[in-house]
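Worksheet for the structure shown next.
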Amino acid sequence: MPELPEVETLRRDLEREVVGKRVKQVEVTGMRSIRRHPNKKHFASKLEGHKITGVDRRGKYLLVGLDGGDILVAHLGMSGQLLRAKGGAREKPDKHTHVIITFTQGGQLRFVDPRTFGELFLTTPEDLEDQVPELAHLGFDPVDDMMSWTRFGDLLSAKKAKLKPLLMDQKFVAGIGNIYSDEILFSAGLRYDRSSDSLSSQEVRRLYRAMVETLQDAIKHRGSSLADEQYRDLFGKLGDFQAQHKVYDREGNACRRCRSTIVRIKVNGRSSFLCEQCQV
């Protein structure tokens, strides 16, 4: 599932590419991707004729503002992609394209989702958190919400939880998943099962710096595209931060810091990667 760096990359691309454009036509091929709406016409009518005014991100959700006041909410799920296309006969949609938004100025925005866990829907700012209750309880955003490391330490101490599950808890910090929690913990030199209230002041500083710098670096490299290549940016290109991964999906390879072997373990039923020499 795309995490904060991938969604933020898309947000920045969308902000440059579609803000100010007016929706001419909306085509929907199936109801699964717009399942909160009663029918295709209902969804299309709320978009057609409206201009896009801005693009925000909350956690892993994209919020596309419209001039009528509504918000187009996009969640990519496991395999969703938002792709910019020129349209026309030369650029036929992928077979997994479920929504095509055509602009009056030309060009399209396409929602492609092979596994159909993602979705698009329209709502009002007032109803947003009722529609997506988890947004009402999101923790701080590690890219947008800067804080002192002492404040971060207070938040860690109050939780008394194992570090990896805590970093992935959207109620504690928004947008981090399996990939970046492993990369952050390696960068900080901390094990996944350390208790958050056991960290020294130096370890708190290292963890906070590792979190911010890892995510910012991943955004700079336009996110991570894994072996399935399902994450792509707005232009259909792969991210390249996977080439920078220190531990994630590197089982059996040498640690880039100490040359020990990267190992894979199961944490809450999911694969996690670490260097047992570097992380304590």
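Expressed as a whole percent, the accessible surface of the chain that belongs to carbon and sulfur atoms is 45, based on a 1.4 Å probe. Given a cut-off of 30 Å, name the pairs among 41/171; 51/164; 159/237; 24/95; 95/246 whose C-alpha atoms lie farther apart than that in the structure shown. From 41/171; 51/164; 159/237; 24/95; 95/246, over 30 Å: 41/171; 51/164; 159/237; 95/246. Here the range 198-240 is treated with +1 on each Lys and Arg Cβ and -1 on each Asp and Glu Cβ, and its dipole about the Cα centre works out to around 200 debye.
Among 227, 254, 174, the largest mean-square fluctuation in a Gaussian network model of the chain, built with springs joining Cα atoms closer than 10 Å, belongs to 227.
In this simple spin-label model, placing a label point 7 Å from the Cα along the Cα-to-Cβ direction at both residue 157 and residue 15 gives a separation of 3.5 nm.
For residue 162, which aspartates and glutamates qualify as cross-link partners when the Cα separation must be under 18 Å and same-chain residues fewer than eight apart are set aside? List returned: 154, 182, 183, 193, 197, 203, 276.
In the complete set of protein chains, residue-level accessible area for residue 96 is approximately 60 Å², probe 1.4 angstrom.
Only Lys, Arg, Asp and Glu carry charge here, each on its Cβ (+1 for the first two, -1 for the last two); on that basis the chain has a dipole of about 620 debye about its Cα centre. When all alpha-carbon pairs of the range 43-134 are counted, what percent fall beyond 22 Å? Taking all Cα-Cα pairs of the range 43-134, the fraction more than 22 Å apart is 28 percent. In the full protein context, the range 166-280 carries 45 Å² of accessible surface per residue, based on a 1.4 Å probe and ignoring ligands, DNA and RNA. For the range 128-280, a simple Cβ point-charge model (Lys and Arg +1, Asp and Glu -1, everything else neutral) yields a dipole of about 740 debye relative to the Cα centre.
Could you give the alpha-carbon Rg of the range 241-280 over 2.2 N^0.38 Å, rounded to two decimals? Could the numbers behind the result be given before it?
Numbers: Rg = 9.9 Å, N = 40, 2.2 N^0.38 = 8.9 Å.
Dividing the Cα Rg of the range 241-280 by 2.2 N^0.38 Å gives 1.11.
With a 1.4 Å probe and all protein chains kept in place, how do 110, 35, 256, 194 rank by accessible area, largest first? Let's see the in-between values first.
Details: 110 15, 35 90, 256 120, 194 45 Å².
Largest to smallest exposure gives the sequence 256, 35, 194, 110.
What the pair-distance distribution of the range 182-280 shows, using all Cα-Cα distances binned every 10 Å from zero, is 15, 42, 35, 8, 0 percent.
Once the Cα atoms are used to define both axes, helix 4-17 deviates from the longest principal axis of the chain by about 30 degrees.
Using 1/(1 + (r/R0)^6) with R0 = 45 angstrom and r between the beta carbons of residue 41 and residue 261, what's the FRET efficiency to the nearest 0.05?
Numbers: r = 57 Å, r/R0 = 1.27.
E(calc), rounded to 0.05, equals 0.20.
Pairwise Cα distances in the range 177-232 exceed 19 Å in 34 percent of cases. Length gained on full extension, residue 200 to residue 126: 22.4 nm, using 0.36 nm per residue less the C-alpha separation.
The values are calculated or read from the model by the stated rules, or taken from the named source; none is laboratory data. Since the structure is predicted, the reported quantities are computational estimates derived from the model, not experimental observations. Cβ: placed from backbone, ideal geometry, glycine included. Neighbour counts: every protein chain shown. These accessible areas exclude ligands, DNA and RNA; they are computed on the full protein's heavy atoms, side chains included. Shrake-Rupley method; radii C 1.70, N 1.55, O 1.52, S 1.80 Å.
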